[in-house]
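To keep things clear, I will list the structure first and then write my remarks on it.
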Amino acid sequence: MQLPPALHSRLAGGPGAAEPLPVERDPAAGAPPFRFAARRVRFPREHEFFEDGDVLRHLYLQDVLTQVTEAPERPRVPEFTCQVAGCCQVFDSLEDYEHHYHTLHRNVCSFCRRAFPSVHLLDVHILEWHDSLFQILSERQDMYQCLVEGCAEKFKTSKDRKDHLVRCHLYPADFRFDKPKKSRGPATPGAAVRASAEAPGDDGEQSGGDAMEVCSEHAASLPEPVGERRTSGHRIPSTICFGQGASRGFKSTKKKKGHQ
Amino acid sequence: MWSGRQGRLRPVGCVVEELRCRRREREAALRKARREQQLISKRLLRDDASEEAEGGCVAMILGETEIQHFLRLAQQGTEEKERERALVSLRRGLQHPETQQTFIWLEGSMRTLVGLLTSNQALLQLEAARCLHELSHSEQSAVAEACLPATSYLLTYLSGHSSDFIELCLYTLGNLIVESEAVRRQLLPQGIVPALAACIQSPHLTVLEALGYALSQLLQVKEAPEMIIPSVLGSTLPEHILRLLQPGPKLNLGVAVEFAWCLHYIICSQVDNTLLISHGGLSTLGLLLLDMAGAVQRTEDTGLELLACPVLRCLSNLLTEAAMEVVGGQNQLEDERVVAALFILLQFFLQKQPSLLPEGLWLLNNLTANSPSFCTSLLSMDLIEPLLQLLPVSNVVSILVLTVLCNVAEKGPAYCQRLWPGPLLSCLIGTLASPDIEVVGQSLELLQLLFLYQPEAAKDFLQQSGLQVLERHQEEAQLQDRVHALQQTALHQ
């Protein structure tokens with residue numbers, strides 16, 4: 001198909017419409033037995049006109065079509081340690097580090113050191129667990145907001161919210177990011193050590209990793225004795241305690257054996 | 001730049017012929033599926049670099065005991081590396097349908113996997129997500145549906161920050177979406193549309209491509225026009241989609257392809273295209289067309305047809321909207337560079353992907369049908385001859401070319417004078433000899449217009465033995481009347 005050379009320079013030129021030649025129709029045009037009428041055509045979703053293009057699309061999705069350039073190999077770098085205070089995780093690839101950082105250090109509650117998958121859930125947590133004003137207000141009005149993005153519903157209690165999540169949004173009843181707050185205090189050095197020092201060997205019970213679970217259960221599984229915990233405290237920024245609870249210590253020895 | 005993904009059928013060491021053969025088989029299967037309205041494809045995301053690092057040995061089918069063993073290790077192992085390796089072994093086993101089946105029927109297995117997915121152990125999380133991804137890719141409904149307990153978490157993680165992880169979640173969701181209506185009946189109330197609308201603001205190209213894929217899957221399903229597209233149109237998604245299709249240095253081809261298909265599924269469902277026009281959809285797509293033609297000129301056109309196809313469809317369908325009838329309106333497409341760009345793409349299709357020529361010509365029809373300006377452009381830019389060069393390609397292409405020519409001719413004498421004298425008449429005599437009735441029929445229509453507005457053409461026609469060609473069709477029921485009418489006209493000149 002030979003294209004006129006001027007076409008390419010037209011494309012490079014500025015926008016513009018051609019001054020139309022005069023239109024002059026004869027009523028005999030397209031009159032029976034002829035039938036032509038100029039008209040725009042639209043095709044709906046399932047029309048067979050789209051078959052070839054759709055097949056092309058799906059071949060691409062199945063990756064048969066274009067053998068595109070290889071995905072760059074994940075560059076291995078010399079081992080390095082996570083720079084967050086108290087974390088001694090080691091990495092040899094930036095992608096792994098990125099995921100580690102975002103999972104454990106990015107959306108971390110500065111009061112109780114729990115990590116959350118998103119800013120939104122962190123904000124909700126801080127509001128519901130660490131804001132004393134919230135507690136007061138929630139006695140008078142519906143303050144527990146639905147966790148689903150885009151849903152503006154609010155509820156009187158955490159339980160009501162859970163019922164809503166299950167009923168309207170088909171969430172699992174044991175959704176891990178909606179555990180009710182236990183009555184004990186929110187701040188604990190034990191939690192701080194757990195969240196920021198993911199040393200190997202301390203995570204036998206941590207398979208659930210419930211961000212909102214009471215940390216004393218996990219504190220129980222830490223191999224370090226209480227004394228050592230205090231001396232290692234200098235690596236951990238002081239947590240803000242709202243004075244609701246006494247220090248937790250190894251009160252609970254309840255161990256969770258797996259999540260079967 | 002394409003974010004290269006190698007699929008399951010990694011053709012390392014394959015002969016070219018084997019590739020072609022496999023492709024033909026897949027193509028046939030896809031055509032059959034489409035005709036049965038069952039066109040489903042899933043994307044498998046595998047990190048081949050890590051596959052090679054693992055020694056590249058063939059993944060074994062795992063039995064119940066082995067699966068349980070790996071799960072227990074992953075959950076309760078003492079060493080982190082050990083736990084990770086256990087999950088990797090499980091993941092590789094899950095590449096086999098047999099392992100997948102065993103896994104889903106094993107009590108508590110999905111629960112454990114979800115537990116690992118939601119743990120705070122970053123690398124375990126990633127591996128668990130990869131296991132889930134393998135399962136989501138299965139062609140067996142039961143396997144994919146077994147992943148349902150994980151969906152609320154997959155959606156939750158979309159508002160996180162780890163781009164690799166989000167990408168994985170998105171591809172997994174995209175696979176699950178097309179599985180069945182049952183899956184979608186859960187995903188929609190769980191808030192998938194708002195979750196995607198929030199996630200589309202991510203700056204990561206890999207995330208965006210994955211999101212486009214997931215969204216395109218969602219928009220492609222049967223119940224989309226009633227159940228899904230209205231809420232998509234009501235969200236901020238349309239603006240972001242159009243933003244990501246803006247041509248310029250930031251345009252990423254892989255991302256654009258996905259969102260162009262999203263736009264196509266929305267537009268051809270005819271839910272509320274006026275909204276898209278009001279968001280500047282027409283001008284964005286028009287500029288994109290120009291951009292693509294530029295890429296062809298610079299021969300940076302690898303895989304461009306994958307983007308061109310949905311863009312052409314979107315433009316063509318949008319042009320049929322009533323909003324377009326407002327002459328001189330803000331959202332009009334009047335720039336004749338669009339026609340120039342289209343022809344550059346047609347030439348590109350002719351060389352690389354002839355099956356897309358009809359779609360390009362469809363756009364040309366919609367551009368020229370009601371537009372004296374575009375018809376004039378065709379003439380002034382000398383595009384009639386190139387158009388005629390497409391006639392031999394196929395019957396469908398011939399009919400479309402003839403239709404476009406009719407669009408030009410029906411505008412009157414000023415237009416027909418530029419169509420003849422010229423190569424048109426001899427081409428028409430050629431198409432009149434076609435065995436295809438529709439091709440002949442469309443040729444007759446064009447002849448009528450030409451004779452009407454340019455009477456001298458009839459004389460020329462006679463001299464080129466046109467009458468004999470006409471005579472061949474005298475007995476054909478669908479053509480008779482028109483043939484006789486033309487014979488009369490020609491003879492009376």
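The values are calculated or read from the model by the stated rules, or taken from the named source; none is laboratory data. It should be emphasised that the depicted structure is a prediction, and the values quoted were computed from it without experimental measurement. Neighbour counts run over all protein chains shown; Cβ positions are idealised from the backbone, glycine included. Keep in mind that these areas ignore ligands, DNA and RNA; they rest on the heavy atoms of the full protein, side chains included. Shrake-Rupley method; radii C 1.70, N 1.55, O 1.52, S 1.80 Å.
Data table
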quantity	calculated
Test: residue in the range B:168-185 that is facing chain A (nearest Cβ under 9 Å) and within 22 Å of B:LEU94 (Cβ to Cβ)	no
Matching residues in the range B:171-193 - criterion: being touching a Leu at 6+ places or on another chain (Cβ under 7 Å) and of a type outside the set (A, V, I, L, M, F, W, C)	B:TYR171, B:THR172, B:GLN186, B:PRO189, B:GLN190, B:GLY191
Scope the range B:402-412; condition open to solvent by less than 10 Å² (accessible area, probe 1.4 Å) and within 7 Å of chain A (Cβ to nearest Cβ); matching residues	B:CYS406, B:ASN407, B:LYS411, B:GLY412
Conditions (1) free of Cβ contacts under 8 Å to residues at least 24 places away in the same chain; (2) open to solvent by less than 30 Å² (accessible area, probe 1.4 Å); (3) away from chain A (no Cβ under 13 Å): number failed by B:PRO435	(2)
Per-region count, the range B:233-246, residues closer than 30 Å to B:ALA293 by Cα and open to solvent by less than 40 Å² (accessible area, probe 1.4 Å)	8
Criterion: outside any helix (DSSP H, G or I) and either surrounded by 13 or more Cβ atoms within 10 Å (Cβ to Cβ) or without any contact (Cβ under 8 Å) to a residue 12 or more places away in the chain (or both) - qualifying residue of B:ALA477, B:ALA485, B:ALA458	B:ALA477
Looking only at the range A:19-54, and only at residues there that are over 30 Å from B:PHE451 (Cα atoms) and assigned to a loop (DSSP other than H, G, I, E, B), the one that is most open to solvent (accessible area, probe 1.4 Å)	A:GLU46
Of all residues in the range A:83-129 being more than 12 Å from every other protein chain (Cβ to nearest Cβ) and either polar (S, T, N, Q) or in a helix (DSSP H, G or I) (or both), the one that is most open to solvent (accessible area, probe 1.4 Å)	A:GLN83
Residue list for the range A:2-18, filter: facing chain B (nearest Cβ under 7 Å), open to solvent by 40 Å² or more (accessible area, probe 1.4 Å) and assigned to a loop (DSSP other than H, G, I, E, B)	A:GLN2, A:PRO15, A:ALA17
Residue that is farthest from B:PHE103 (Cα to Cα) [pool: residues in the range B:143-162 that are without any contact (Cβ under 8 Å) to a residue 40 or more places away in the chain and open to solvent by 10 Å² or more (accessible area, probe 1.4 Å)]	B:HIS161
Answer residue from the range B:25-54, given it is exposed (fewer than 12 other Cβ atoms within 10 Å of the Cβ) and modelled with pLDDT under 85 and is nearest to B:GLU179 (Cα to Cα) among those	B:GLN38
For B:TYR415: the one exception among (1) of a type in the set (Ser, Thr, Tyr); (2) at the interface with chain A (Cβ under 10 Å from one of its Cβ atoms); (3) under 40 Å from the mean Cα position of the chain (by Cα); (4) under 21 Å from A:PRO33 (Cα atoms)	(4)
Residue that is farthest from B:VAL114 (Cα to Cα), among those in the range A:138-185 that are away from every other protein chain (no Cβ under 14 Å), surrounded by 15 or more Cβ atoms within 10 Å (Cβ to Cβ) and at pLDDT below 90	A:SER138
Set B:LEU287, B:LEU307, B:LEU350: member being among the aliphatic types (A, V, I, L, M) and open to solvent by less than 30 Å² (accessible area, probe 1.4 Å)	B:LEU307
Any pair with Cβ under 7 angstrom, 6 or more apart, that starts in the range B:365-380 at a residue that is facing another protein chain (nearest Cβ under 7 Å) and open to solvent by less than 20 Å² (accessible area, probe 1.4 Å) and ends at one that is modelled with pLDDT of 95 or more and assigned to a helix (DSSP H, G or I)	B:ASN365/B:LEU400; B:ASN365/B:THR403; B:ASN365/B:VAL404; B:ASN365/B:ASN407; B:ASN366/B:SER316; B:ALA369/B:ASN407; B:SER377/B:VAL339
Search result, residues across the range B:293-310 that are in contact with a helix residue (DSSP H, G or I) (Cβ under 7 Å, 6 or more places away or on another chain) and more than 11 Å from every other protein chain (Cβ to nearest Cβ)	B:ALA295, B:ASP301
